[in-house]
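**Q** Let me give you the structure first, and then I'll get to my questions.
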Amino acid sequence: MKKSYRTFAIIGFISKGLVYLVIGILSLLAALNMGGGSSGTNQALLFLKKQPFGQVLLLLLGTGLLCYSFWMFVQSIKDPENIGKSNKAKMKRFGLFTTGLVYTFLGILAIYHVFTYIGQGDSGSRYLNFLGSFTLSVIFICVGIILAIQAVVLILGIFRGGLMDQFNLEGHKGSGVIRKVGQFGFYSRAFIVAIIAYFFLRAGIYTGNQEIKGIQDAFSFLDQSVVGRILMIFTAVGFVAYGAFYVLLSRYRSFDN
């Protein structure tokens, strides 16, 4: 394992963890009526931008997220940890590659906010208008199915233990606690992914609604009832745990084969 790969990975872990910490904390404050608001990735970036030296923070965060995406690409292409070439390993490496694409976009988005003014903006819900309603419905249904499968895979991966094994935490002091924190965080993420899948499926099957739904909308959906608010609190705490888990990985994750 090259030292440079470890450096990129550690910086990426911290940056990814910071994003989810902000999302979780803001959503938790909203659920407890203590300020804040239902938060997604874009809202977390805007929140950081409003802080002292916010543009510097965003620039560093964007660079860190690009480091994380680079680590995902290294794992999927170079395979420094010997994931292997079996069909199961190829699927895992393909998943790492697509994750790298996602965090490349988020890193660019963070850097983009450095050079833009804070404003209300628009919902971005109309940029797919050039597609016909039938095409949109098919796209939304496909995305919803993919997200639903992802949620199930996450839950099964946590329950069976394989998902957490990939982080190589064993042998470190406190690894058991860190593993539990990560499990709780991944369950929360799977729950939110399932809600977003529901939004896409509902839009594709029933309403034809062209508005893209994300983490912020999922938390807002939970906030519509007393039971939902309780679930929102647990999920927000789970996102805090998820973010903390990735920050802790920078210290406890082993890169030995």
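Each reported figure results from applying straightforward, stated rules to the coordinates on display, with no laboratory input. Worth saying up front: this structure is predicted, and the values here are computed from it rather than measured. Because the Cβ atoms are built from the backbone with ideal geometry, glycine has one as well, and the counts that use them run over all protein chains shown.
**Q** Per residue and in cubic angstrom, what volume does the convex hull of the Cα atoms of the chain have?
**A** Details: hull volume 38.2 nm³, N = 257.
Per residue, the Cα convex hull of the chain comes to 149 Å³.
**Q** Just to confirm the filter: which chymotrypsin sites (Phe, Trp or Tyr not before Pro) across the stretch 46-119 are DSSP coil and have at most 15 other Cβ within 10 angstrom of their Cβ?
**A** Filter output for the stretch 46-119: Phe53, Phe115, Tyr117.
**Q** Further question on the same structure: If a helix is a whole DSSP H run, which ones in the chain reach 20 Å or further along their own axis (Cα) and hold a mean Kyte-Doolittle hydropathy of at least 0.0?
**A** 3-31, 54-77, 87-114, 133-160, 175-202, 226-252
**Q** What's the FRET efficiency of Met91 with Ile205 using the Cβ-Cβ distance as r and R₀ = 22 Å, to the nearest 0.05?
**A** Calculated value: 0.20.
**Q** What order do you get for Met164, Met91, Met72, Met34 when you list them from fewest to most C-beta neighbours inside 10 Å?
**A** Arranged by neighbour count, lowest to highest, Met164, Met91, Met72, Met34 become Met34, Met91, Met164, Met72.
**Q** Too long at a 31 Å Cα-Cα cut-off: which of Lys16/Lys90; Lys49/Lys92; Lys2/Lys92? Display every interim value, and only then the final one.
**A** Details: Lys16/Lys90 24 Å; Lys49/Lys92 34 Å; Lys2/Lys92 21 Å.
Beyond 31 Å: Lys49/Lys92.
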